[in-house]
Amino acid sequence: MQDWLRERVYSGRLDERLAGKDVVVAGWVQEIRNLGGIAFIQLRDREGTVQLTALKRENRELFKALTTLNRESVVAVRGLVQPNKEAPGGLEVLPGELDVLSPAAAPLPMGVVDKVGVELDTRLNARFIDLRRPGSAAVFRIRSSALRGIRSQFEQEGFVEVHTPKIVATATEGGTALFPVQYFEHRAFLNQSPQLFKQMLMATGFDRVYEIGPAFRAELHDTVRHLNEFTSIDIEMAFSDEEGAMGVLERCLQSAVKRVIEERPRELGALGLTLEVPSLPFPRLTYTKCIELANSKGIDVEWGADLEMDATKAVAEETEGFYFITRWPTAIKPFYAHPFEDKPRESRSFDLMFGEKEITSGAQRVHEPDLLVQRLRDQGLDPGSFDFYLQAFRFGMPPHAGWGLGAERTVMILTGRDNVRDCVLFPRDRRRLSP
Ligand code: ATP
Ligand code: MG
């Protein structure tokens, strides 16, 4: 590496003010057009591309070195900035020195600029190349800004960031959708959710915690919404109910959208999207109302059943953007969802929806230990195997509420992608474990 590489500027920072000056640019050789005496090379970096214009008569050796490179080789160039109306961006760089940092092999596993559509599987197999494409990369820059927006909302509202174990002894919900791992002489599991741990933290006095971390589910689904490893954005807040938790959630999503609009205009452009900041509060519909709506549209679903896609589609037709479905039947929500005191077959639970898709589940939780044991039994679970969790409820546990928001499903909405696999760098699904 040459010392002058330290002076590197991104293509996006080049403008007329630099005309006549020497600059250093570095990146991937996207395209080479050699016309014999003159060659045009498009060099790509994270902000876009810059044209290098090489003249054979100026420097034969450099001309040859540049024009014989394989596409996607990584180079650094030091050269003179010059205005050129024909060049993309109105500027070109006349290379004076070249440093080939990493020659690329040929052929490439997939093209970067080819206009032809590439299958998702091909893209995921060659993800490191796929992410050189502005559209694919845009998703992850948007993801980064959205998470920043959510985090800053948490910080503003007094949440403490925590990290809970991912190797655990018991299931969160007693389900069977767990990946077993060998933990020395014990059988352990990868955690499907931080639920039990974040609730235990409500007995500590932290009051408000959040965690952004992986969740593992050994579900056999093969859908465009399910991954076997996803990133869960979780909160738990003490001295609060489901309304308090819903308020934090809608403010977080509003903050995420604002950040994306502020920080990622170029990426939104690359995806052909314009986002609008959602106004608050998000509409709230009760589960009962959703059943009525679905029934009125001829969908056969009874009170007490889960809302399948056809039902949520029927509801989505009546709403726009984000909305909450509240007051779910207690029997179909997890044991920790708090029943309404005056109507125990309904719970203080909610899902946040966008169109027909669920992106969050949350609730006020059961904080009374006796009721919690009862709820575990009602759901066919053995309170004995939840002892470590139940202990935290017996020595002073305030009422609390919280939710879990799927990062990838949120990114799907913000980027308009149809497949959740587009919103995670290296998806883990039923068929994919590598890369
Ligand atoms: P679904 O009914 O869509 O399978 P769920 O109700 O089982 O989801 P929860 O346990 O409520 O999911 O998890 C909270 C949030 O985490 C979901 O709303 C979703 O955004 C996200 N999530 C859950 N499972 C997955 C998954 N397999 N892949 C991606 N995201 C997921
Ligand atoms: Mg759910």
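Exactly one of (1) of a type in the set (Ser, Thr, Tyr); (2) away from ligand 1 (no atom under 14 Å from the Cβ); (3) under 25 Å from Ala256 (Cβ atoms) is unmet by Thr288. Its number?
The failed condition is (3).
Which number in (1) within 14 Å of ligand 2 (Cβ to nearest atom); (2) in a loop (DSSP other than H, G, I, E, B) marks the one condition that Phe324 misses?
All conditions pass for Phe324, except number (2).
From the residues in the range 409-430 that are in a loop (DSSP other than H, G, I, E, B) and hydrophobic (A, V, I, L, M, F, W, C), which one is least open to solvent (accessible area, probe 1.4 Å)? Can you show your working first?
Within the range 409-430, the first condition is being in a loop (DSSP other than H, G, I, E, B), and the residues that meet it are 416-419, 424-428, 430.
Cutting the leftovers down to hydrophobic (A, V, I, L, M, F, W, C) gives us 424-426.
Values: Val424: 20, Leu425: 75, Phe426: 99 Å².
Selected residue: Val424.
Scan the range 347-363 and tell me whether some residue there is under 16 Å from Ser232 (Cα atoms) and of a type in the set (Val, Ile, Thr).
Yes: one or more hits.
If we scan the range 352-367, do we find a residue that is more than 22 Å from Arg208 (Cα to Cα) and more than 15 Å from ligand 1 (Cβ to nearest atom)?
Scanning the range 352-367 turns up no residue that is more than 22 Å from Arg208 (Cα to Cα) and more than 15 Å from ligand 1 (Cβ to nearest atom).
Condition first: surrounded by fewer than 19 Cβ atoms within 10 Å (Cβ to Cβ) and under 17 Å from Leu91 (Cβ atoms). Now tell me which residues in the range 54-66 satisfy that.
We begin by selecting, within the range 54-66, every residue surrounded by fewer than 19 Cβ atoms within 10 Å (Cβ to Cβ); these are 55-62, 64-65.
If the condition is that a residue be surrounded by fewer than 19 Cβ atoms within 10 Å (Cβ to Cβ) and under 17 Å from Leu91 (Cβ atoms), then Leu55 is the only one that fits.
Between Ser385, Ser434, which is open to solvent by 40 Å² or more (accessible area, probe 1.4 Å), without any contact (Cβ under 8 Å) to a residue 12 or more places away in the chain and among the hydroxyl-bearing types (Ser, Thr, Tyr)?
On the way: Ser385 fails: without any contact (Cβ under 8 Å) to a residue 12 or more places away in the chain.
Only one candidate passes the filter, namely Ser434.
Checking Glu92 against (1) of a type outside the set (Val, Ile, Thr); (2) touching a residue at least 24 places away in the same chain (Cβ under 8 Å); (3) part of a loop (DSSP other than H, G, I, E, B), which single condition isn't satisfied?
Only one criterion in (1) of a type outside the set (Val, Ile, Thr); (2) touching a residue at least 24 places away in the same chain (Cβ under 8 Å); (3) part of a loop (DSSP other than H, G, I, E, B) is unmet by Glu92, namely (3).
I'd like to know if the range 182-193 contains one or more residues that are within 18 Å of the chain's Cα centre (by Cα), surrounded by 15 or more Cβ atoms within 10 Å (Cβ to Cβ) and not in a helix (DSSP H, G or I). Write out each step before concluding.
To start, the set of residues in the range 182-193 that are within 18 Å of the chain's Cα centre (by Cα) comprises 192-193.
Subsequent filtering for residues that are surrounded by 15 or more Cβ atoms within 10 Å (Cβ to Cβ) retains 192-193.
Now drop any that are not not in a helix (DSSP H, G or I), which leaves 192-193.
Scanning the range 182-193 turns up at least one residue that is within 18 Å of the chain's Cα centre (by Cα), surrounded by 15 or more Cβ atoms within 10 Å (Cβ to Cβ) and not in a helix (DSSP H, G or I).
Can you name every residue in the range 1-37 that is assigned to a loop (DSSP other than H, G, I, E, B) and either surrounded by fewer than 13 Cβ atoms within 10 Å (Cβ to Cβ) or not β-branched (Val, Ile, Thr) (or both)?
Our first condition is that a residue be assigned to a loop (DSSP other than H, G, I, E, B); within the range 1-37, this holds for 1-2, 9-10, 14-15, 19-21, 35-37.
The answer is Met1, Gln2, Tyr10, Leu14, Asp15, Ala19, Gly20, Lys21, Leu35, Gly36, Gly37.
Select from the range 228-244 the residues that are of a type outside the set (Ser, Thr, Tyr), within 24 Å of Val420 (Cβ to Cβ) and either surrounded by 20 or more Cβ atoms within 10 Å (Cβ to Cβ) or within 16 Å of ligand 2 (Cβ to nearest atom) (or both) and list them in ascending order. Steps first, answer last, please.
Keep residues of the range 228-244 that are of a type outside the set (Ser, Thr, Tyr), which gives 228-230, 233-239, 241-244.
Remaining after also requiring within 24 Å of Val420 (Cβ to Cβ): 228-230, 233-235.
The answer is Asn228, Phe230, Ile233, Asp234, Ile235.
Could you tell me which residue of the range 200-215 is surrounded by the most Cβ atoms within 10 Å (Cβ to Cβ), considering only residues that are more than 24 Å from the chain's Cα centre (by Cα) and not charged (D, E, K, R)? Walk me through it before giving the result.
Going residue by residue through the range 200-215, those that are more than 24 Å from the chain's Cα centre (by Cα) are 200-207.
Restricting the remaining residues to those that are not charged (D, E, K, R) gives 200-206.
Working: Met200: 19, Leu201: 22, Met202: 26, Ala203: 18, Thr204: 13, Gly205: 9, Phe206: 16.
It comes out as Met202.
If the requirement is being hydroxyl-bearing (Ser, Thr, Tyr), closer than 19 Å to Pro103 by Cα and either free of Cβ contacts under 8 Å to residues at least 60 places away in the same chain or in contact with a Ser or Thr (Cβ under 9 Å, 6 or more places away or on another chain) (or both), which of these qualifies: Thr53, Thr68?
Values: Thr53 fails: closer than 19 Å to Pro103 by Cα.
Matching residue, one of Thr53, Thr68: Thr68.
Between residues in the range 342-353 that are within 15 Å of ligand 2 (Cβ to nearest atom) and residues that are open to solvent by less than 40 Å² (accessible area, probe 1.4 Å) and basic (Lys, Arg), which pairs lie under 6 Å by C-beta distance while being six or more apart or on different chains?
That search, which allows pairs on different chains as well, returns Ser347/Lys333; Ser349/Lys333.
Which condition number in (1) within 16 Å of ligand 1 (Cβ to nearest atom); (2) at pLDDT below 95; (3) closer than 25 Å to Arg375 by Cα is the one that Thr164 fails?
Result: Thr164 fails condition (2) only.
Go through (1) within 13 Å of ligand 1 (Cβ to nearest atom); (2) in contact (Cβ under 8 Å) with a residue 60 or more places away in the chain; (3) farther than 23 Å from Val260 by Cβ for Val411 and report which single condition fails.
Tallying (1) within 13 Å of ligand 1 (Cβ to nearest atom); (2) in contact (Cβ under 8 Å) with a residue 60 or more places away in the chain; (3) farther than 23 Å from Val260 by Cβ, Val411 fails exactly one: (3).
The values are calculated or read from the model by the stated rules, or taken from the named source; none is laboratory data. Owing to the predicted nature of the structure, the values given are computational and were not obtained by experimental measurement. So basically every Cβ, Gly included, is an ideal-geometry build from the backbone, and we count neighbours across all protein chains shown. Each accessible area value is taken on the protein alone, full model and side chains, heavy atoms only, with ligands, DNA and RNA left out. Shrake-Rupley method; radii C 1.70, N 1.55, O 1.52, S 1.80 Å.
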